[in-house]
Structures are given as structure tokens and as C-alpha cells.
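Okay, structure first, notes after.
Each reported figure results from applying straightforward, stated rules to the coordinates on display, with no laboratory input. No experiment lies behind these values; they were computed from the predicted model shown. Note: ideal-geometry Cβ built from the backbone for every residue, glycine included; neighbour counts use all protein chains shown.
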Amino acid sequence: MPSNVKMPLPPISMADYPALTAGVDEVGRGPLAGDVVTAAVILDPANPIKGLDDSKKLTEKRREALFIEIQEKAQSWAIARCTVQEIDELNILQASLLAMKRAVEALQVQPEFVLVDGNKIPKWHYSAEAIVKGDSRAAAIAAASILAKVTRDREMVAFDKVYPEYGFAGHKGYPTKAHMQALETVGVTDIHRRSYAPVRKIVEQLSL
């Protein structure tokens, strides 16, 4: 195999962890608008869910179906967030970690262990492990990624009706060409992250 081809990271078996192990993930670090949304899930081995995977790899229809199934079959699940204002105050990394902490703390069944997507662990009292690309490797993290993405996507579709000039239903707040053009011609809304360079640049131009 050529040296420049990356081998996929191996899957992680939930059976190797305590029974009450939660997976936690975030969605929305890259967009210029909207909250960063997180979810935490403790799966039930007695009620397996087929087809769990990184939410980005699934079709919208499949995500929507799994969204319902996860809520019906999981031992516990919770959805949390950090607002645009918190993102601007804390920075997106710290806001994402705080939102993860909120999601895990909101679980009605508290976990014995937490698998965190990424390479950083929030400041909390839980025993935990960070899993790089965890949303495609650990079922509990995949489930969390699906809950978070469906929730955030629905919110951005709702914002599309409030701010129809921006096309939020299509790009979900990410810096597409159409989104950038709308920012330049229409301006910045209350749901835009002013700490992000493209938005900050436009705010500064308008203040001149």
C-alpha cells in the first residue's frame, strides 16, 4: 500500500467498556452561524441499533430514522449546546467541550465511563477516553453524533425561515460561496459568530 494512503482506524467494541458507558459528540464547530450542539448517549446492549455510523456518512433520511430509534432504544440520551454568544466569549473549542459536559451531565442515567469524540476531554469528574474519529469507530459516539446533527440541522432549517436571504436550510451555516455573498450584501445576523474571521471582517467593515 502506498505510504500516502492512511489506514482506517479500527472500530471500538462497546463490550470492552463498562455497561454504562456514554458516547458524546458535537456538531457545528465549522459553521459561521448557529449554536454548537452536542449529544450524549448510553446505548442498551439488549436493544441493538443497526446502521450506527458517523452522522456525516449517512443520508438525511437515514439520520432522521435513527434519530427516532436512538431515542426509543437508548438507556439514556441528552442534547445540549453552547450558544453563539458563548462561542464568541469562550472560543469554539472551549464552547464545544463545555457543551459536551452539559450533555453528559444531563443524562438521566449517569455513566460509569465516557467516550469522547476527538482528542480532548472536557474538565469533569467522569472517567473518560478521547477517541479520534470516534463517530465512525464507537457506536455510542455515532449515536450521539446523529442526535446532535439532526437537532442542529433542524434548527438551521428553522432559521432559514427567519433569515431567508442566507440560505441556512442548504448550507447549515457553513461558509459556502452563497453564504459569504449573503453576508457581504445583507450583513450579519444575531445568529452569526462574530469571533469567526469572515464574520468579524464584515462587522469591522460596517463599522468604518
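GNM on the chain, C-alpha springs below 10 Å: top fluctuator among Pro175, Pro164, Pro111?
Taking springs between Cα atoms under 10 Å, the residue moving most is Pro164.
Could you tell me what percent of the DSSP beta bridges with both partners in the chain are antiparallel, to the nearest 5?
60
On full extension of the chain, what length is gained from Arg29 through Val157, given 0.36 nm per residue of separation minus the C-alpha to C-alpha distance?
The span from Arg29 to Val157 would gain 44.3 nm if fully extended.
How do Leu107, Leu115 rank when sorted from fewest to most other Cβ atoms within 10 Å of their own Cβ?
Result, fewest neighbours first: Leu107, Leu115.
Jot down the radius of gyration and Dmax of the range 14-159, Cα atoms only, both in angstrom.
Values for the range 14-159 (Cα only, Rg and Dmax): 13.9, 42 Å.
log10 I(q)/I(0), Debye, Cα-only the range 16-68, no solvent, q = 0.15, 0.17, 0.23, 0.26 Å⁻¹?
-0.55, -0.70, -1.10, -1.23
Hey, fewest Cβ within 10 Å first, where do Ser13, Ser96, Ser195 land in order?
Arranged by neighbour count, lowest to highest, Ser13, Ser96, Ser195 become Ser13, Ser195, Ser96.
Nearest 500 deg cm²/dmol is fine: what mean residue ellipticity at 222 nm does the chain get from its DSSP H runs of n ≥ 4 alone, each adding -39,500 (n - 2.57), divided by its residue count?
-12500 deg cm²/dmol
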